[in-house]
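Data first, discussion second: the structure below is written as structure tokens.
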Amino acid sequence: MPTLQELLDQKAALDRQIADATKASRAEAIAQIRTLMTEHGLTPADLTAPAHKRSSGAGSPAKAGTGSRAKVAAKYRHPGSGATWSGRGLKPKWLTEQLANGKQVSDFAI
């Protein structure tokens, strides 16, 4: 039966082999990715851009988005408080309460 020190040495050798195999595997994957990026004219920005903003033509750079969106105009207004809703997302509490009281969304159109 092997001694504790022999087992620890074997473990250390296996850990080194695992680390070397991991490095080699990563290097191979990176090389494959670089090859594919070159073949298809991709840049790192193409990989991080949202799908709808990615470039459609091979070799053309992706347009960088500003990260902000234009504010959507309000379509509905509460007559008492003046609170507004654009019609997107969840209905505001004031509108839900009014609809429960028999009103219609069109009653609050701006």
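The values are calculated or read from the model by the stated rules, or taken from the named source; none is laboratory data. Computed from a predicted structure; not experimentally measured. No Cβ is skipped: glycine too gets one built from the backbone with ideal geometry, and neighbour counts run over all protein chains shown.
Summary table below
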quantity	calculated
Any hit, the stretch 3-20, residues being among the hydroxyl-bearing types (Ser, Thr, Tyr), within 24 Å of the chain's Cα centre (by Cα) and not in a helix (DSSP H, G or I)	no
Answer from 2, 44 - the residue that is exposed (fewer than 10 other Cβ atoms within 10 Å of the Cβ) and modelled with pLDDT of 90 or more	2
Which numbered condition residue 55 fails, given (1) at pLDDT 90 or above; (2) touching a Pro at 6+ places or on another chain (Cβ under 8 Å); (3) not in a helix (DSSP H, G or I)	(1)
